[in-house]
Each structure stands twice: as C-alpha cells, then as structure tokens.
1. What does the charge count around P304 come to, taking other residues whose C-beta lies under 15 Å from its C-beta (Lys +1, Arg +1, Asp -1, Glu -1)?
2. Order of 98-107, 236-245, 14-23 by packing, highest average Cβ count within 10 Å first?
3. Heavy-atom accessible area per residue, segment 33-146, 1.4 Å probe: how many Å²?
4. With both bridge residues required to lie in the chain, what share of the DSSP beta bridges run antiparallel, to the nearest 5%?
5. Determine how many Å³ per residue the convex hull of the Cα atoms of segment 82-229 encloses.
6. Can you check what the net charge comes to around T238, using other residues whose Cβ is under 14 Å from the Cβ of T238 (Lys, Arg +1; Asp, Glu -1)?
7. In cubic angstrom, how much convex hull volume per residue do the alpha carbon atoms of segment 35-144 span?
8. Going out from 0 in 20 Å bins, what whole percent of all Cα-Cα distances in the chain drops into each bin?
Amino acid sequence: MDERVIGRSGQWASVVGLGTWQLGADWGTVDDKEALSVLEAAAEAGVTFFDTADVYGDGRSEGTIASFLRGRPDLHVLVATKMGRRAEQIPAHYVLDNFRAWTDRSRRNLGVDRIDLVQLHCPPTPVYSSDAVFDALDTLVEEERVAAYGVSVETCAEALTAIARPNVASVQIILNPFRMKPLHEVLPAARAAGVGIIARVPLASGLLSGKYTKDTVFAADDHRTFNRHGEAFDQGETFFGVDYATGVEAAAEFAALAPEGYTPAQLALRWIIEQDGVTTVIPGARNPEQARANAAAAKLPPLPEETFTAIRELYERRVKDQVEHRW
C-alpha cells in the first residue's frame, strides 16, 4: 500500500490506516479474539498506521494493539495515541505534569519506551492558543517520551490555530463526503505548513457504508445510540453531526454514486484519499472482512471527475446546511 509522510514528523503512514476506537468501547461489544483478528487482517492488507487513544476502553484498545504487535515483531506499524479525555475537560489540566503522567500510562499500555505520535484529544478550544501547552509538548519530545505530537480537533478553526504552531506534526479532523468544510482552508493551510492530515470518521459512523436504514437499531453501549444529540461528547463524532433520518436518506443517494467495482464505503474512502493534503484515513473495522475491504480502497482506480461533481452536489443539497456552520 502507498504510504505518505506525516507532516513534520518524518514518519510514514499507509494511506488507509485503522482507527481502533471500536476495539476499546462505544461501538458495541468486540471481544479480544475478534479485535486481534481485525488488527491482523489490516496489517496483512498493508496497513501500517494504527490510531488509538488512552480513553478507548480506558486503555483496552492500546493494550490490544500492544498484545498484537508483541506477537508480530516482523511488522512495522506506526501507532498514534491520544491523551486528555480521561480528565475533566478544563484548560487547567493541560499541563506538563499531566502530560507526563498520561503519556507514561500510554507507554505502559502500548509496551513502548517512546510513543510514535501522541495527539491532544479534542481538548477545550482555549488549549490550542496556549503557548505553555505547546512548550510542554515540546518537552515530551525532548525527554523522548514521544517522537512527535499532533492534535485531534472538532472544528476547522481549531485546526487552523494548531497548524500555525511550529512543531505540530499532524492534525486529525473529521473529513468525509458529508463533511467537506476542511477542504476550504484546513487542507491548503496544512499543505503549506507541512502538517499531516489524519482523516477520521470517514464513513460517517457507518452511514456511508449504505447498510443502515431508518429502522436500524444499535446496541445500548454504542455511541450511535447514546450520543446522537451530543449527550456524551461532541455530536459531530456521531453520524458526523447530522440528524439520523437525513443521514440515512443522503447515504442512500451516495451509495448510488459508487462506480462499478466500488462499495459505498470504498467510494467514501477513495474520495478522501484523493483529497490533496490528506496523509491517511482511519476507518474503523469490527471484523476482519471490513478491515480488508477498507484497505482495498487504496488500490482502486482514481475516481472519475463526474463522481466528484455528483458527490459535491449531494453534499450541498442534503447536508451542508446542517453541519458547515457548526464545525
């Protein structure tokens, strides 16, 4: 699989990575055996970038990745984690002592001396404007706790503030055919600054797979049940922030745009891969078949221009007014 450099870090990631939130919590139950099978399938398909966080299952996702990689010393996989969401979300908690404690815990979970890439995990907006925060992150690099750092953001404004910081290696942001606002300013700014872009929620919490209907019922412990209106965390993380009924209808139209040989999910991933400035896209997978199908998007032919035009028209007609003013 093709790889791209993660901005200023000098590290490389496969163009399709693997998001591992679902291996920790909040997507229904994924048992340990199945979780390891997902990691194995992704790696065998050429994925060299796993994205996790200390809060995914309170460390379960990090530990599962560590267990898998211990058994596969032949693999070179870059592991990015995130920190900050296990604490109360106030700017005062984003200080060096906490960063040391949080990364030390993740290093233990991951079984490494130095974390490849650590990301602030959607912190309160004022954190992005704090010189002291980024000085503390620089200290983590100097102390060799982490090799590089980035940020995970909710809004385009937060992304632009972070990109202006001289040592930010990457910005992780929601980007998919139903969340196009980052194309306007964020991706051009990242390209100009040499900052990597990690595209998350690429399938709009599964909507863009075309598998769901208005009658689909998700498990009680799945965020697609308990966070549809932002009850637990930012609403934009669940179905990209649009109301479910609209999302299902728009997703059905999107599925009809898939060229021959593409699944709807692969169309969404391929659309993201082809955006100038994207480093890697990190779909999740609950089983090995999904992991292999997602990775296969990297090897599909480029999309025809008329498909890009049709996707843009659908976005502007059905979903833009619900999401673009918020994030």
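The values are calculated or read from the model by the stated rules, or taken from the named source; none is laboratory data. Small disclaimer: the values here were computed from a predicted structure and weren't measured. Neighbour counts run over all protein chains shown; Cβ positions are idealised from the backbone, glycine included. Each accessible area value is taken on the protein alone, full model and side chains, heavy atoms only, with ligands, DNA and RNA left out. Shrake-Rupley method; radii C 1.70, N 1.55, O 1.52, S 1.80 Å.
1. On the way: positive: R270, R312; negative: E260, E274, E305, E306, E313.
Once positives and negatives cancel, what remains is -3.
2. 14-23, 236-245, 98-107
3. 42
4. Counting only bridges with both partners in the chain, antiparallel ones make up about 15 percent.
5. Value for segment 82-229: 135 Å³ per residue.
6. Around T238, the charge tally is -3.
7. Value for segment 35-144: 100 Å³ per residue.
8. 34, 61, 5
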